[in-house]
Each structure stands twice: as structure tokens, then as C-alpha cells.
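Worksheet: one structure, shown below.
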Amino acid sequence: MVAIILSVGDELVLGQTVDTNSAWLSQQLAAVGCDIAAHATVGDDQRAVEHAIAESAGRCDVLIVSGGLGPTEDDLTRQAIAAVMKVDLILSEEWLATMQGFFDKIGRTMPESNKIQAMIPRGSKMIFNTCGTAAGIEATISGGVSGQRTGAGKSTTPNADHSPLTPGPSAGCVLFAVPGVPKEMKAMFARDVLPHIEKLAGGAAIRSRTLHTFGLGESTVAERLGELMKRGRNPSVGTTVSGGVVSLRVNARFESVERSTRELQNTVDACHAALGDVIYGQDEDTLPSVVGRLLIKKGSSVATAESCTGGLLAKYLTDAAGSSAYFTHGWITYADRAKGQLLGVQNVEQNGAVSAETVRQMSQSAMKESGSTYALAISGIAGPTGATPEKPVGTVYIALAAAEGWQSVEARHFLFPGDREMVRDRSAKMAMTMLRYRLLGTPLPF
Ligand code: ATP
């Protein structure tokens, strides 16, 4: 099933508000197996909204329109839908009474302008809003926008005398108009729209899972997955990247729950076979939560000694609830002097603050001082200043000391791409990844 998401609002077109609704809606629709053909954004202009609806409806089975359902003059989505359907707006007595109830409850008179929110295009259905006064609209867009409008002359649709816009949309596109306010939109979509879309999908059972990887680039992940990522494959495997984490979204869409569940698992197993331990978790798992679980399982603890990451690693490790079970101490030894004073690191100047020897000493001291099973240490050049020809921006050393043997300190050199924020983020994530591999008893593969 093909879906298009249309966002309406001047603030979106002007870049004053980031269109988070479309991103969220895309994820929801993709999760039930929809192919998202496009995101479109138009301002608060009825002609533009009409045009976008008519044009999009000809290209998709489901069109979600967010925004423009408010009570003010610039909220024109309902009028645009009515114009495309060539119908007038009629009063939803049910919604008017509900709105009246809202206002009675807070002891205020309902402004006259709010009444427009109880108007819906003739032939459409009102969708209840549990968090606000903007009810949603469900309508089927069929036929063209040319020709006579039903109810012309007595229509409550402003600008109802428009000339034809575009060739008409194909029959059977179901449009759902939802409020722009993210909280209201999400509640309405989850409760009333998504179940309907799942039904429209023909009763097919969709099962999805997201697998998370860290350490390999997206193209390397794709190469390793090979045929599994082939377009048109069912179950499908697609990748997304965020903060260096490459996630694989696996969707299985078959006629029964049993088959979808089985096929999903087969493809998930195939992804694991292709990528091995590079996959650190699935769905809600995060690197800190996965590392935390492993530490708890082994009855182990960890301390940190950080320079260029300024505490970010400690922050990540303590993001997971219950981290007091395994996180003991964190040192931020930013200045060379601090490395010597707080952790007894020797010869920092001779070895270099950013060197394997310095992080090795930092991790060993942190482990010894804290009495933890493991200690991670990071020192690097996050930039934009501080680089030398030998040590460009992104040069980072990470060490992992383990109590199982004083000789078992592993110090690694990395060169991370990107700006200061990226270098710091990847450093902290790589440190957690080193610890994860150690806990799994597997050598780091990169
Ligand atoms: P409604 O249909 O609920 O009346 P609207 O489009 O009239 O919505 P606005 O008054 O323009 O809503 O915006 C309400 C709030 O919702 C604003 O804070 C706006 O920035 C936010 N908002 C609207 N659309 C989006 C979107 N696509 N993504 C994120 N935020 C949005």
C-alpha cells in the first residue's frame, strides 16, 4: 500500500518549525508495511493545499494530511478537502456538542470561530480528538476536481468557485486529516487511523523488527547483507543511520500472523548470520542498555576516565535505568595536569596526552582506584583545533583495562570522521563497543 504524507502550515514552509510529524508518521506507516512515496509540505493557502491533495491522491492509496484544522482563518485543510471532493461542508452535531462540552467544563463560552471545527466535508467522517478541539476527517478522494461542485451557491466552503486544478485523483485514495499539534496528531493517529490503515492493507499480517549495529558504515553493512536488501524482497530489509548507529528495519508482510512471524525470524537470523556480533541489539535496545545487561549478567562493574569526551561516556553508561548496579566511578581528566594529579598518569608530555600509553595508564589507574572489574579511558582530538600533521582531528585512543589481568589492557587507535560533536559521540560509543566485545569474549572486528 502506497502512502503520502502532506504537512500543512506556513511555519513549516518557512522553516520556523521542523516537520517532526512527517517523520513520525512515516515510521508508523512503514511499520505496518506501507511504502511511503513522498512527503509534501505546503503553506496555509487553500489553493496550494487543494492542489497537493489532488496531486497526491492520484499517486497513493492512503494520504495523511497533518495541520490546518484549527479555528483560525489560516486553517484551511477542511475547506481544501471539500473543494477537491466537490462537496460542501456540513455540520457535525456530534463534534459541536463535544466541543461545547469542553468549553462548559472549563467555564468558558465557546468562541464563534470554533464552530468551523465542527464542519466536515459532506460524505466524510469525523475522527474524534481526545486532546483538543480539532477533530480529524476521514474521506475518500475519488474522481477529478473539475466540473460542478455539489452544493454550489449554498456551500460553506470558502473559495468554492475555484477553477479546475489538476487531472483528478484515482478512485479509492483514503485521506485522513489529523491535527498539526504533535501530541493531538499522535493520539488520534494511533487510536483511530492506524488500525483503519491496517485493515485497508487487506488483513495482511505485518511483523517488523529493527536490528541495531555500530562500528561499520552503512555501505559495508549493505554489502554484507547482499541479497537480503534486494528491492521487492519480502521480508524487506532497509537501513537507516542515526548517530553512527546503522539500523536494519526488517518487515515481513504475509497473509497470516504465523507466516509473517516465521518469515521475519528467518530473515532476522539471516541478518545475524551476515553481520554477527556487529548487531548489538534490537528494537528498543541501546548500546548502554545492552552493555549494562551484559555487565549485570557477569556480575561486573565499570569505571571511566575521560579526556576529550568530557564525561559523555559516563553519561551514556548511566543513561540506562539501574546503572548503579554496574557503574562505579567516572573521572574527567581534561588537562594534562589532571591526568597526573587524579590518576597518577606519568610522562604525559613525553608520551603525548593523545597516545596509547596515556590511555593505557588512565584505564589502569581508574580500574585500580575504583575497584571495578573494567575501566575505559578515552583521549583524543575532537577539534576543530589541536590537530597536528601526525594527529589529525578525529584521532582518538581508547583503552580498556580488565581486572582479570594487569597485562590485559587493550589500547586502540581510531580516526573518526566528522565535527567535534561526532568525534566525541563516536568515541564514547566505540568505548562501549570495546567493552561489549570483551564481555562477549570476542575480539573487536574493526
Ligand atoms: P491543528 O490542525 O491542530 O489546528 P494547525 O496546523 O492549525 O494544527 P498550528 O496552530 O499551525 O496547528 O500549530 C500548532 C502547533 O503544532 C505549533 O506548535 C506547530 O509548530 C506544531 N506543528 C504543526 N505542524 C507540525 C508538524 N508537521 N511537525 C511538528 N510540529 C507541527
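Some values worked out for this structure:
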read-out: Using alpha-carbon coordinates, inclination of helix 46-57 to the longest axis of the chain, degrees; value: 70 degrees
read-out: Degrees, to the nearest 10: 93-105 long Cα axis against longest axis of the chain; value: 60 degrees
read-out: Contour excess over end-to-end distance, with Cα ends at Thr385 and Arg191 and 0.36 nm allotted per residue; value: 64.7 nm
read-out: Probe 1.4 Å - accessible area at Leu342, Å² to nearest ten; value: 100 Å²
read-out: Compactness index (Cα Rg / 2.2 N^0.38 Å), region 368-429; value: 1.27
read-out: GluC sites (Glu not before Pro) restricted to DSSP loop in region 219-286 with at most 12 other C-beta within 10 Å; value: Glu255, Glu284
read-out: Which of His329, His212 is most accessible, then next, and so on - probe 1.4 Å; value: His329, His212
read-out: Overall Cα dimensions of region 29-92, principal axis frame, Å, largest first; value: 35, 23, 21
read-out: Rg [Å, one decimal], Dmax [Å, integer] - region 1-144, C-alpha atoms; value: 15.5, 46
read-out: Longest to shortest principal axis, alpha-carbon extents of the chain, angstrom; value: 89, 50, 45
read-out: Equivalent ellipsoid semi-axes - Cα gyration tensor, region 225-266, angstrom; value: 22, 12, 8
read-out: Average silhouette area of region 61-143, convex hull of alpha-carbon atoms, in square nanometres; value: 5.6 nm²
read-out: Protein accessible area in the chain, 1.4 Å probe - carbon and sulfur %; value: 51 percent
read-out: Euclidean distance between Cα centres, region 28-86 to region 424-444, Å; value: 45 Å
read-out: Label-point gap, in nm, between Leu444 and Glu223 - each point 7 angstrom along Cα→Cβ; value: 2.1 nm
read-out: Under 5 Å, built H, 5+ apart or other chain: amide partners of Ile127; value: Gly136, Ile137, Glu138
read-out: 1.4 Å probe accessible area per residue over the chain, in Å²; value: 45 Å²
read-out: Calculated from backbone phi, Karplus (6.51, -1.76, 1.60) coupling profile of region 74-90 in Hz, x at Gly/Pro; value: 8, 9, 10, 4, 4, 5, 5, 4, 4, 5, 5, 7, 6, 10, 9, 8, 10
read-out: Per-residue HN-Hα couplings for region 408-421 [Karplus 6.51, -1.76, 1.60; θ = phi - 60°; Hz; x = Gly/Pro]; value: 8, 6, 10, 10, 10, 9, 10, 10, 8, x, x, 8, 3, 4
read-out: Helix axis angle, 257-275 relative to the chain longest principal axis, alpha carbon, degrees; value: 40 degrees
read-out: Cα-based convex hull volume of region 307-376 per residue, rounded to whole Å³; value: 73 Å³
read-out: Distance from region 358-393 to region 1-22 (C-alpha centre basis), Å; value: 43 Å
read-out: Candidate lysines for bridging to Lys391, where Cα separation is under 30 Å - those fewer than 8 sequence places away on the same chain excluded; value: Lys315, Lys339, Lys368, Lys429
read-out: Dipole magnitude (debye, nearest 20) for the chain, charges at Cβ of Lys, Arg, Asp, Glu; value: 1000 debye
read-out: Rounded to 5, percent antiparallel among DSSP beta bridges of the chain; value: 65 percent
read-out: J(HN,Hα) series, region 315-328, from Karplus relation 6.51 cos²θ - 1.76 cosθ + 1.60, nearest Hz, glycine and proline x; value: 4, 4, 5, 9, 5, 6, 4, x, 5, 5, 5, 9, 8, 10
read-out: Other-chain or far-sequence residues with amide H under 5 Å of Phe416's (modelled H); value: Thr395, Val396
read-out: Where only alpha carbons of region 178-325 are counted, the Rg and the Dmax (Å); value: 18.9, 56
read-out: Signed unit charges on C-beta, dipole axis of region 361-441, positive-most listed residue Ser427, Gly441, Ala377; value: Gly441
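The values are calculated or read from the model by the stated rules, or taken from the named source; none is laboratory data. On a predicted model such as this, the values are computed, not experimentally measured, just so you know. A quick note on method: Cβ atoms are made from the backbone with ideal geometry, for glycine too, and the neighbour counts reach across all protein chains shown. Areas reflect the complete protein model, heavy atoms only, side chains present, ligands, DNA and RNA absent. Shrake-Rupley method; radii C 1.70, N 1.55, O 1.52, S 1.80 Å.
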